[in-house]
Amino acid sequence: MSSSFTGHRTQKHNFPNTENYSIMADNSWDICVEEAVNVLESRQILRSLRPICMSKQNEENFVKSRGNEGDEYEVFDGLCQWDRTSVEVSVSIPTFQKWLHDEPSNGEEIFSGDALTENRKERFKKLLLFSGNDYLGLSSHPTISNAAANAVREYGMGPKGSALICGYTTYHRLLESSLAELKRKEDCLVCPTGFAANMAAMVAIGSVASLLAASGKPLKNEKVAIFSDALNHASIIDGIRLAERQGNVEVFVYRHCDMYHLNSLLLSCKMKRKVVVTDSLFSMDGDFAPMKELSQLRKKYGFLLVIDDAHGTFVCGENGGGVAEEFNCEADIDLCVGTLSKAAGCHGGFIACSKKWKQLIQSRGRSFIFSTAIPVPMAAAAYAAVIVARKEIWRRKAIWERVKEFKALSGVDISSPIISLIVGNQEKALKASRYLLKSGFHVMAIRPPTVPPNSCRLRVTLSAAHTTEDVKKLVTALSSCLDFDNTPTINIPSFLYPKL
């Protein structure tokens, strides 16, 4: 474990002996996905990507840029003025007042009254943002903005359709190659959003059952058994629900990060094709999945291991490869889903996987097939973000320094840049959030249905663009509205959360 982690709570598990648990070679997932792809090909419904070059001249520039390995992208060795715009925001006074009184809003008040008159400074409240997911502060990076601007000037917005028709360009391919390299996978598929990526992955996994079923409709023992952490993201849950509705999967929900429970479910399940899916870094609690224990179970049971690394990509690991890199288990991850809308500061999602899995997902992942591809300028910007995130190592060091500082100043035992401060009931959470708002901090109260009743919380997120002084001021403000000694951060019983 690298020194960047400050308190990951993990337990060693001695699982029951499963050496006699036989895994038939012809049921291995590599063979299954290859057979599923072969079925699609035999039915002439295997879908293909056909990259479009914008023009011959631009294709030459594209090839040239690949040869330079990102050297044309300007990077910096420390916090710059523009980085602050990623954590400094303003809200209109009417919005500010609505927030203070917890009044509903549909956004129109930002243009109300004289909010946009010459006295603009008097009509807006400046806030320091501690609730976003721009962990590295890349959303305001000039190199990334310039990459998008240059692409807009050369090609317009685009794309012209879905990735399977005419929306997939050489710039999308360049982005996929860079993400595959980052995740140490054979290939990668870029999706419109991270939500769409999880949906596509779950549905495609389920499709293996129907494609390989003798009758076309899988019997119970032919279905895919999906084991899902109780606190997985909504996009995973919705993807599983769709696969379940199609009649392709059986679902088993294990208690949050409870490897004994998962082990018992796996041991008692007689279905041949098994999948375990989990967030790597949980967005609402800020804790890590027990990656080493999951790797151990994978070796015993031969299941397909899928992680959603939305909050770990670019933040964790020496190279920004994510939680799997941090825990040195990249080879044990079969599909790694991620997003470009958080630490990359851009937009879009991706699935890093093998070439066969990519073929299957692009042929059976509904949310990918029936969505327009991400715009060319966004693909260009996201590729620049991959380069910048890899080269500006100081950003990862900075965010983990902020984690250490918050932990030292508050005494709260945290292990990631996501700090979930459990307040209790809704009234307490709103009161604390209003106090922080008045103090100049944008920190949201998280309430049901996002979290269970009586586990309302303040969700604080740290960024490389924050300074030590920012953290000190925030902790001072928090200490005035919370009792740190009696404020749990995680470990709310998973049975309180809505089940899949």
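The values are calculated or read from the model by the stated rules, or taken from the named source; none is laboratory data. Fair warning: this is a prediction, and the values are worked out from it, not measured in the lab. Cβ placement follows ideal geometry from the backbone for every residue including glycine, while neighbour counts extend to all protein chains displayed. In case anyone asks, the SASA skips ligands and DNA or RNA and just uses the protein heavy atoms, side chains included. Shrake-Rupley method; radii C 1.70, N 1.55, O 1.52, S 1.80 Å.
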inquiry  = Residues that are touching a strand residue (DSSP E or B) at 6+ places or on another chain (Cβ under 6 Å), at pLDDT 95 or above and either of a type in the set (V, I, T) or open to solvent by 10 Å² or more (accessible area, probe 1.4 Å) (or both): does the stretch 377-386 have at least one?
reply    = no
ask   = How about the stretch 296-307: which of its residues are within 24 Å of A200 (Cα to Cα) and open to solvent by less than 10 Å² (accessible area, probe 1.4 Å)?
value = F303, L304, L305, V306, I307
request  = Output the residues belonging to the stretch 167-217 that are of a type in the set (S, T, Y), in contact with a strand residue (DSSP E or B) (Cβ under 7 Å, 6 or more places away or on another chain) and surrounded by fewer than 24 Cβ atoms within 10 Å (Cβ to Cβ).
outcome  = T193
query = What is the number of the single condition among (1) open to solvent by less than 10 Å² (accessible area, probe 1.4 Å); (2) farther than 19 Å from L231 by Cβ that V323 does not meet?
reply = (2)
inquiry  = Please go through the stretch 394-444 and give me each residue that is open to solvent by 20 Å² or more (accessible area, probe 1.4 Å) and among the aliphatic types (A, V, I, L, M), ordered by number.
reply    = A408, L409, V423, L430, M444
query = What number of residues within the stretch 471-485 satisfy the criterion of being of a type in the set (K, R) and touching a helix residue (DSSP H, G or I) at 6+ places or on another chain (Cβ under 7 Å)?
reply = 1
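Residue-wise test of (1) within 30 Å of D309 (Cα to Cα); (2) at pLDDT below 95; (3) not in a helix (DSSP H, G or I).
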| residue | (1), (2), (3) |
| --- | --- |
| W99 | no, yes, no |
| P104 | no, yes, yes |
| E109 | no, yes, no |
| A115 | no, yes, yes |
| K121 | no, yes, no |
| K125 | no, yes, yes |
| N133 | yes, no, yes |
| I144 | yes, no, no |
| A147 | yes, no, no |
note = Condition set open to solvent by less than 80 Å² (accessible area, probe 1.4 Å) and small (G, A, S), scope the stretch 30-77, selection modelled with the lowest pLDDT: answer is G67
task = With respect to I387, determine if the residue is under 29 Å from K98 (Cα atoms) and either of a type in the set (D, E, K, R) or in contact (Cβ under 8 Å) with a residue 60 or more places away in the chain (or both).
result = no
task = Answer yes or no: is there a residue in the stretch 249-263 that is polar (S, T, N, Q), closer than 29 Å to A344 by Cβ and surrounded by fewer than 24 Cβ atoms within 10 Å (Cβ to Cβ).
result = no
key: Pick from the stretch 458-473, criterion over 25 Å from N486 (Cα atoms) and among the hydroxyl-bearing types (S, T, Y), ranking: surrounded by the fewest Cβ atoms within 10 Å (Cβ to Cβ)   = T467
ask   = So which residues in the stretch 151-164 are more than 27 Å from the chain's Cα centre (by Cα) and either within 9 Å of L49 (Cα to Cα) or part of a helix (DSSP H, G or I) (or both), if there are any at all?
value = R153, E154, Y155
key: From G286, G321, G317, G312, residue being within 19 Å of L136 (Cα to Cα) and out of contact with any Asp or Glu (no Cβ under 8 Å at 6 or more places or on another chain)   = G286
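Tell me yes or no: at least one residue of the stretch 424-431 is touching a residue at least 40 places away in the same chain (Cβ under 8 Å), of a type outside the set (K, R) and over 30 Å from A230 (Cα atoms).
No, that holds for no residue.
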Subset of the stretch 381-392 (residues that are more than 20 Å from the chain's Cα centre (by Cα) and in a helix (DSSP H, G or I)) = K391
query = In the stretch 193-222, what residues are in a helix (DSSP H, G or I), among the polar types (S, T, N, Q) and more than 19 Å from A36 (Cα to Cα)?
reply = N198
request  = Could you tell me whether A225 is in contact with a strand residue (DSSP E or B) (Cβ under 9 Å, 6 or more places away or on another chain), part of a helix (DSSP H, G or I), in contact (Cβ under 8 Å) with a residue 40 or more places away in the chain and over 18 Å from P449 (Cβ atoms)?
outcome  = no
request  = Filter the stretch 334-360 down to residues that are in a helix (DSSP H, G or I) and not aromatic (F, W, Y) and give me whichever is nearest to the chain's Cα centre (by Cα).
outcome  = K358
remark   = Of the candidates S455, S416, S420, S433, the one satisfying the condition of being within 26 Å of the chain's Cα centre (by Cα), under 21 Å from K125 (Cα atoms) and small (G, A, S) is S433
query = Any residue at all in the stretch 485-494 that is closer than 30 Å to W82 by Cα, among the small types (G, A, S) and either modelled with pLDDT under 90 or open to solvent by 10 Å² or more (accessible area, probe 1.4 Å) (or both)?
reply = no
query = Only one residue in S367, S363 is open to solvent by 10 Å² or more (accessible area, probe 1.4 Å), in a helix (DSSP H, G or I) and of a type in the set (G, A, S). Which one?
reply = S367
Check on N263, among the polar types (S, T, N, Q) and within 25 Å of I31 (Cα to Cα) = yes
note = Filter the stretch 85-97 for residues that are assigned to a helix (DSSP H, G or I) and out of contact with any Ser or Thr (no Cβ under 8 Å at 6 or more places or on another chain); the one that is surrounded by the fewest Cβ atoms within 10 Å (Cβ to Cβ) is Q97
